[in-house]
Amino acid sequence: MDIGIDKIGFYTPKKYIDIVELAKARNVDPDKFTIGIGQSKQSVPMEYQDSVTMAAEAANQIISKDDNIGLVIVGTESSVDESKAVATFLVDLLNLPEDVRAFEIKEACYGATAGLKMAEGFVALNPDKKALVIASDIARYGINTPGEVTQGAGAVAMLIGKDPKILKFNHEEVYMTKNVGDFWRPTFSKTAFARGKFSNQVYVEFFSELWQKYQNTFDQTVDDFQTMLFHVPYTKMGMKALKTLKDKIDPDKFDELSKHYQASIEMGREVGNLYTGSLYLALISYLINGDPKDNEKILLFSYGSGAVGELYSATIQPEFKKNLVSEEIKEVLSNREKISIKEYENIFAEDPQNGYSTNVSDVLDEFYLREIKESERLYKKMEH
Ligand code: COA
């Protein structure tokens, strides 16, 4: 039975900062941020937004009453509760049936991939049902930190089912876990701690090791793929992994992979870091901005600090264009407003506590945190 991504949706907040303005405010040469890091804009979530509201926005773009969803998994490292899962709020906000399993997965930026793999098993056992897997995150390193330029926010929602219309999983996958201290966020902290350069190094090492293992396990080479997609917290990062192949493969092949890589990072450049959604935004960006061939076989590299890596192959389905909500996704990106660095810093400092209440007239989105009452977060869908 073929199983994979039947639909895919995307959301990013409606406010963003310009990366050149950020560089100037931090007394950094803008080329470092735009070329060295490879970013143009960075999404800024509003006070009423979090991993719940963004997940709801992305899922709302793709689900319908007839989907027969039996499983809801949210991969996130920006959860709102130590106990209650983001996915449980969604059952209510998205009017999902009660006979679903709903929970949350955490392993840094690997969470969504873990969710997809569980969803694949679920569909294999329940072919008439679908699974909703959502990556939703706010990447926060802090004002004036080296990681600030690699912040961002957003969500990618994927509906997994049999006979998928967008991407078929090929059951060709290799993975590995090592206890590595490259990035972490203790429960007391709202911002992440990162050994940034070390994290880059581990990421590239994981890719190289897994690629070797993949080739040996499945007796395949780079010629079996037209495209490699990477976890891209900032757009230069995936290129570091891709470049490890440069001297080992035919220059034309490297050029083809590089060209497709460029198409895959166009959207990430405009949004910033989605943490666990980054790889899947690269997939969306490639589907929209690249020129995928029918039944093109692609390789996806998922990496979550801490660290878990997985390399797996999938096949783009011939009818993907019909099922991709391209116009809605493009609108999410075009329908945004630039804010100043000062405004961003003010929003960043906000920290809704018990007693918080949203002024509904400020809400620009469909889903929002209504209030925090008796330390409980209460969400709402906009009434039209
Ligand atoms: N023009 C063009 N490029 C420039 C430049 C300029 N004026 N100045 C610097 N650069 C380049 C550097 O050569 C470097 O390129 P390289 O990575 O190809 O070597 C790049 O810009 C970044 O410069 P660097 O000095 O390494 O930046 P930094 O010390 O500020 O740190 C990160 C960059 C990415 C390490 C930092 O932003 C970070 O820690 N981010 C968090 C990332 C992370 O940990 N993610 C984990 C999740 S996987």
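The values are calculated or read from the model by the stated rules, or taken from the named source; none is laboratory data. Everything numeric here is computed off the predicted structure, so don't read it as measured data. We place every Cβ from the backbone using ideal geometry, glycine too, and count neighbours over all the protein chains shown. Side chains are part of the model used for accessible areas, which takes the heavy atoms of the whole protein and leaves out ligands, DNA and RNA. Shrake-Rupley method; radii C 1.70, N 1.55, O 1.52, S 1.80 Å.
If the requirement is being more than 28 Å from G154 (Cβ to Cβ) and either in contact (Cβ under 8 Å) with a residue 60 or more places away in the chain or within 11 Å of the ligand (Cβ to nearest atom) (or both), which of these qualifies: D219, D224, D252, D247?
D224
Do we find a residue being assigned to a helix (DSSP H, G or I) and of a type in the set (S, T, N, Q) anywhere in the range 182-198?
No, there is no match, as no residue in the range 182-198 is assigned to a helix (DSSP H, G or I) and of a type in the set (S, T, N, Q).
Can you go through S285, S326, S264, S302 and tell me which one is open to solvent by 10 Å² or more (accessible area, probe 1.4 Å) and under 28 Å from Q151 (Cα atoms)?
Matching residue, one of S285, S326, S264, S302: S326.
Identify the single condition in (1) under 23 Å from V44 (Cβ atoms); (2) open to solvent by less than 50 Å² (accessible area, probe 1.4 Å) that L132 does not satisfy, given that it satisfies every other one.
(1)
Consider I372 carefully, then state whether it is of a type in the set (A, V, I, L, M, F, W, C), closer than 28 Å to R269 by Cβ and modelled with pLDDT of 95 or more.
no
Suppose we filter the range 145-168 for residues that are away from the ligand (no atom under 16 Å from the Cβ), in a strand (DSSP E or B) and open to solvent by less than 10 Å² (accessible area, probe 1.4 Å); how many remain?
8
Would you confirm, using the coordinates I've provided, whether P127 is touching a Lys or Arg at 6+ places or on another chain (Cβ under 8 Å) and either farther than 23 Å from V332 by Cβ or away from the ligand (no atom under 11 Å from the Cβ) (or both)?
Answer is yes for this residue.
Checking G142 against (1) under 30 Å from P318 (Cβ atoms); (2) within 16 Å of the ligand (Cβ to nearest atom); (3) of a type outside the set (V, I, T): exactly one of these is not met. Which one?
For G142, the failing item is (1).
For S64, only one of the following conditions fails: (1) under 30 Å from P127 (Cα atoms); (2) open to solvent by less than 20 Å² (accessible area, probe 1.4 Å). What is its number?
That leaves (2) as the condition not met.
One residue is enough: does the range 258-275 have a residue meeting the conditions closer than 30 Å to I17 by Cα, in contact with a Pro (Cβ under 6 Å, 6 or more places away or on another chain) and not in a helix (DSSP H, G or I)?
Yes, the conditions are met somewhere in the range 258-275.
Which number in (1) within 16 Å of the ligand (Cβ to nearest atom); (2) surrounded by fewer than 16 Cβ atoms within 10 Å (Cβ to Cβ) marks the one condition that H231 misses?
All conditions are met except number (2).
Sort through K178, K162 and tell me the only one that's in the same structural domain as D365 (by TED's automatic domain parsing) and at negative phi.
K162
When the range 284-300 is examined, which residues are found to be outside any loop (DSSP other than H, G, I, E, B) and under 10 Å from T227 (Cα atoms)?
Once the filter is applied, which keeps residues that are outside any loop (DSSP other than H, G, I, E, B) and under 10 Å from T227 (Cα atoms), the range 284-300 yields Y286, K297, I298, L299, L300.
Residues of the range 20-51 being within 14 Å of the ligand (Cβ to nearest atom), under 18 Å from G142 (Cβ atoms) and within 20 Å of the chain's Cα centre (by Cα), which ones?
Within the range 20-51, I37, Q39, Q42 qualify.
Please tell me if K236 is in contact with a Phe, Trp or Tyr (Cβ under 9 Å, 6 or more places away or on another chain), open to solvent by 60 Å² or more (accessible area, probe 1.4 Å) and either within 16 Å of the ligand (Cβ to nearest atom) or among the small types (G, A, S) (or both).
No: the conditions fail for K236.
Would you point out the residue of the range 1-24, among those that are open to solvent by 30 Å² or more (accessible area, probe 1.4 Å) and part of a loop (DSSP other than H, G, I, E, B), that is farthest from I35 (Cα to Cα)?
The extreme case among them is M1.
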